[in-house]
Each structure stands twice: as structure tokens, then as C-alpha cells.
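All remarks here apply to the structure that follows.
Just so it is clear, none of the values below were taken in a lab; they were calculated from the coordinates. None of these values were measured; they are calculated from a predicted model. Cβ: placed from backbone, ideal geometry, glycine included. Neighbour counts: every protein chain shown.
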Amino acid sequence: MSSSVTVRFTAGNEGRWRITTVQSVIGDTLAPAARLAVAEEPEAATACVWSLSGTTSNVRYANRAELTALRARQAGLDRPEATRAALIPVRKADAWWALAQDERRDILEEQSRHTAIGMDYLPQIARRLHHSRDLGEPFDFLTWFEFAPEHEAAFDALLVRLHATPEWTYVEREVDIRLTRVA
Ligand code: HEM
């Protein structure tokens, strides 16, 4: 796999994604804006309403069987038909970060079936996970999803299933930002 890339999501008046809704799921929301720009290895920040950064990284929890299954099934970003997207920044509670790696894996997968549930929605939903915690950002993760308009209802159903898991009892802030591609 490739090395990590830093990605900046900038809400303002520019970018190829039109922001359709910004909704708090848990905790404080983010301000509304017209457009979202997604930049890899960005230069200096430009004027904006808000800006969030994260880096792609190595996997923490997925085991060999899961990685093999994911790679066989997942679609890449930027498919022509994937004209809808969701940016969902997530912050987890201190209690999560105080756990050991094996305890977090146990909650995420053995108890919550995060990957197993997510696999049901591949390849229609393409995803990329960005880590923000070590950058001193307001969220720990910036999760990004791309899909065709006809798969948005399935994406909503996926969120309902994940929100009902033990893993989500550790989520203390989550904002759901929906987007439509304009360019
Ligand atoms: C589309 C289907 C999905 C699949 C296949 C999937 C799969 C995964 C996998 C394998 C990981 C672990 C990565 C690692 O080992 O480090 C992960 C992490 C994560 N996913 Fe998903 N996921 C999906 C959807 C979602 C959705 C809809 C959300 C909603 C917000 C989400 C939020 C997260 C977060 C926050 C993490 C980081 C968890 C942590 O490190 O504590 N995922 N996902």
C-alpha cells in the first residue's frame, strides 16, 4: 500500500463539492458553508469557514482475513458515478483512548462487527479514513465516503447499524456533512 497522505477538507466558497447538509449527530455541529474543497498535500491554508486535516495511515485493527476481504471488495475514490459524498468527522472519548489496543479491537470488531457490517455496503460505498488526533485537531478521525445517488439510502442504513454498536458509546462528537459533486 502507498504511504500516508495528508488531506485538508476546507469549507467555504470553493471546491468541487457542494455542501447540502451539515448535521450534528453527537455534540457540537460545524458551521454551514456553500462548498467543500478536498486537497491532498495542501499548501498554505486559504480563507475559509472551517478547515479540518487528517492523514491516511496504516491499519490499526483489521486482521489479515479482514484486510484481504476488504481489498477484494472495496472500490476506489473518484468513480464517475459517485456524485454524492459524506464527510463524517468523529471524536472518541478519553475512555476509548485509555484502553489497550487489544481491548479497542475487541470492542470495534468482536463486539461491534464494524468491519463485518461495513463489508455489506461494499463496493457501492467507497471510503477513506483520515487520522487527526495526533495533529491536535478537534476530531480524532475524518471519515470520507463516496457513492452514487441511488446508494445514499443504504449509506443511511449503514449509519443506523453502526450507531447502535458498543463502539459508538465511545463517540462524543460526530457531524454528518453531505455533499454533491459539482465539477
Ligand atoms: C462503508 C463501509 C465501512 C467499512 C468497510 C469500514 C471499515 C473500517 C475498518 C476496517 C476500520 C479499521 C481500520 C484499522 O484497522 O485501522 C474502520 C475504522 C473506522 N471507521 Fe469504518 N467502515 C465503514 C463505514 C464507516 C462509517 C459509515 C463510519 C461512520 C462514521 C465509520 C467510521 C470509522 C471510524 C471513526 C474508524 C476509526 C476507528 C478507530 O480507529 O477507533 N466507518 N472502518
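Here are the numbers for the structure shown:
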read-out	value
Loop-resident sites, segment 1-66, for trypsin sites (Lys or Arg not before Pro), counting at most 15 other Cβ within 10 Å (DSSP)	16, 60
Charged-residue dipole, Cβ positions (Lys, Arg, Asp, Glu), the chain about Cα centre, Debye nearest 20	380
Histogram of C-alpha separations across the chain, 10 Å bin width, %	9, 37, 40, 14, 1
Relative contact order of the chain, defined on C-alpha pairs under 8 angstrom at six or more residues apart (%)	34
Paramagnetic reach from residue 99 (point 7 Å along Cα→Cβ, amide N under 13 Å) across segment 147-173	165-172
Relative contact order (percent, whole number), segment 99-183, Cα cutoff 8 Å, 6+ residue spacing	30
Inter-label distance for residue 110 and residue 43, nm, one decimal - labels placed 7 Å from Cα along Cα-to-Cβ	5.0
Sum of -39500 (n - 2.57) over DSSP H runs of 4+, divided by residues of the chain (222 nm, nearest 500)	-5000 deg cm²/dmol
